[in-house]
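Beneath this line is the structure, given in structure tokens, with notes to follow.
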Amino acid sequence: MDQAVQLELSERIQAGQPIGPASARQDSVFNANLQWMRLVLARYGWPGRRLVGDEGSHGAWLLLQHSDRDTALQRTALQLLENAVGTGDASGRDLAYLTDRVRAAEGRLQVYGTQLQYDSRGCASPKPTEDPAQLDARRASVGLEPMAQYVQTVMAALGRATQCAASK
């Protein structure tokens with residue numbers, strides 16, 4: 001449901017349609033997921049590979065990635081996810097994204113450059129990141145593609161790759 005409402009909202013934005021109904025559905029889904037994740041984390045800790053498999057663990061990360069209304073829960077989940085990654089029970093990629101999400105929400109520098117910002121043309125770049133010279137090495141250490149490739153992929157998915165590449 002999380003991904004379905006995200007897709008609906010994105011399609012409405014790209015088509016220039018009003019987002020009101022899609023935004024309300026997104027809020028409802030995100031709130032329900034947030035409540036459910038609170039219960040899961042309290043009862044089981046991080047739902048890792050041993051408990052729910054790779055897909056389930058990644059799904060839990062996705063729901064928490066979209067839980068920006070409760071950054072305290074995201075911080076708690078981040079600690080649980082760090083422990084799970086340390087024991088091989090969760091993905092380092094998921095940890096990188098949640099780390100950056102929490103840091104960006106707190107106004108801190110990112111580590112992996114996963115959170116993007118958009119200029120007036122709609123062209124993406126990473127939000128402020130610590131030690132930019134070593135960014136691609138940190139990204140590679142958790143299985144992420146180089147930053148330039150990541151931005152290019154995002155811009156292509158948004159249908160803006162050509163406009164952004166031509167104006168840089």
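A short reminder: the numbers here are calculations on the coordinates, not readings from a lab. Small disclaimer: the values here were computed from a predicted structure and weren't measured. Quick reminder, even Gly has a Cβ in these numbers, built from the backbone with ideal geometry, and neighbours come from all protein chains shown.
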> Where does the charge balance sit around ASP70 when Lys and Arg score +1, Asp and Glu -1, over other residues with C-beta under 14 Å from its C-beta?
Replying inline: +1
> Can you work out the FRET efficiency for the pair ARG38 and ARG160, with r the C-beta to C-beta distance and R0 = 41 Å, to the nearest 0.05?
Replying inline: 0.70
>> Using a Förster radius of 22 Å, what is the FRET efficiency between HIS58 and THR153 based on their Cβ-Cβ separation? Nearest 0.05, please.
In response: 0.75
>> For the chain, what does the helix formula give at 222 nm: sum of -39500 (n - 2.57) over DSSP H segments with n ≥ 4, over the residue count, nearest 500 deg cm²/dmol?
In response: -21000 deg cm²/dmol
>> For the chain, set up a GNM with springs between Cα atoms under 10 Å and report which of GLN26, GLN35, GLN74 has the largest fluctuation.
In response: GLN35
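Roughly speaking, what is the stretch gain from GLU106 to ASP131, that is 0.36 nm per residue apart minus the C-alpha to C-alpha distance, in nm to one decimal?
Answer, rounded to one decimal: 7.2 nm.
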>> To the nearest 20 Debye, how big is the dipole of the chain about its Cα centre, given +1 on the beta carbon of each Lys and Arg and -1 on that of each Asp and Glu?
In response: 140
> Shape call for the stretch 110-168 from the C-alpha gyration tensor, a ≥ b ≥ c root eigenvalues: rounded (a/c under 1.5), prolate (a/b greater than b/c) or oblate?
Replying inline: prolate
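Helix by helix, which DSSP H runs in the chain go 30 Å or more along their axis at the Cα atoms and have an average Kyte-Doolittle hydropathy of -1.0 or more?
20-44
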